[in-house]
Structures are given as C-alpha cells and as structure tokens.
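Here's the structure, in structure tokens; my notes come after.
The values are calculated or read from the model by the stated rules, or taken from the named source; none is laboratory data. As the structure is a computational prediction, the values presented were derived from the model and not from experiment. Virtual Cβ from ideal backbone geometry, glycine too; neighbours counted across all protein chains shown. Areas reflect the complete protein model, heavy atoms only, side chains present, ligands, DNA and RNA absent. Shrake-Rupley method; radii C 1.70, N 1.55, O 1.52, S 1.80 Å.
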Amino acid sequence: MSANILVVDDAATVRMYHRKMLGDAGWQIEEAINGVEALEKVANQPRDRPFDLYVVDINMPKMDGYSFVRELRRLGHVRQVPVMMVSTEAQAQDATAAQDAGANCYLVKPAKPAELVLTAALLLGDLPAARQAGAAHRAAGGTA
C-alpha cells in the first residue's frame, strides 16, 4: 500500500506542484487549504489508515503551519507521523521555529522536485524512492 500524504498549503499552485511531484513518486496525496481543514481531515481519517506524512506551509489563513503542527503533536494517534514544513521563509530562525513546533524537517520554497521527493522518501522510510530521488537530486546539482 502506498504512503498517504496530506499537503497543507493555502496556495493552489503550490498544492498542485506538491501533488504532481509526490504523486509521481507513487504516493497518494490529499490536500487541505489551511491548518483548520487539515485537522478536520486528520480527525476524519480512519484510525487504521492515518496519513503517513504531512507537508505543511507556514503562512496560511485561519491556522498557520506552526499551530497546526503543535495541535497535531497533541493527538495521540498521529503524534509520531513526520512533518515536512515547506515555506518561503528562509531565515534560520524560521527553521528553528518549525522544529520547535514539532516539524521533522524544513525546506525553503520553491523546493526542487528531487529535493522534495528525496526528503519525503527519507521521512517515509521508502528506500527505493529515496535512492531514485537521490540520484535525480545529485544529477540536478544537489548534494544529497
């Protein structure tokens, strides 16, 4: 069964980009437009089939990414699910704030396709996808 990823971002173009890149790697993608909608989707997800990864923007209306991740980490059944924050905020303190909120990693937009897929694969423990994305990332000039 392929991994199930929830992409949380208020920008439709970003959600479409992440859906395309992560979906092409063979994972199932769902979307939410802010933290409130994302928490609703988490609550309605079957307990035996929770999301395997959250890809979360920071700046969103209604509930930002930091608040969403903090709320997510309070929910027992999904507390350990990895979170990748992806944002235009590029300062070191932004990555620190994301980690303090409970994110596992932080990428700056626009994340390169191979970097996005490689990071997701590593967080998911999907070694075949990680090897393929790592080769593509190195071919594109990345260092992973």
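Taking label positions 7 Å along the Cα-Cβ direction at both R47 and E30, the computed distance is 1.6 nm, reported to one decimal.
Dividing the Cα radius of gyration of the chain by 2.2 N^0.38 Å, with N the residue count, gives 0.97.
Probing with 1.4 Å while keeping every protein chain in the model, the per residue accessible area of the chain equals 50 Å². Our note on the geometry: Cα centres of segment 13-31 and segment 41-104, 17 Å apart.
Modelled this way, with points 7 Å down the Cα-to-C-beta line, the labels at A90 and C105 are 2.0 nm from one another. Taking all Cα pairs closer than 8 Å and separated by 6 or more residues, the relative contact order of the chain comes to 20 percent. Surface composition of the chain: carbon plus sulfur atoms contribute 52% of the solvent-accessible area (1.4 Å probe, protein chains only, all chains present). Per-peptide packing, taken as the mean over residues of other Cβ atoms within 10 Å, places 88-95, 29-36 in the sequence 29-36, 88-95 from highest down. Return the distance in nm (one decimal) between the two label points of a simple spin-label model at R74 and T13, each offset 7 Å from Cα along Cα→Cβ. Placing both labels 7 Å along Cα→Cβ, they lie 3.5 nm apart. Relative to the current alpha-carbon distance between N59 and A139, full extension at 0.36 nm per residue lengthens the span by 25.6 nm. Annotated for the chain: lysine pairs at least 8 residues apart or interchain, Cα distance under 22 Å, count 5. For the options D52, D64, D24, a Gaussian network treatment of the chain with springs between C-alpha atoms closer than 10 Å singles out D24 as fluctuating the most.
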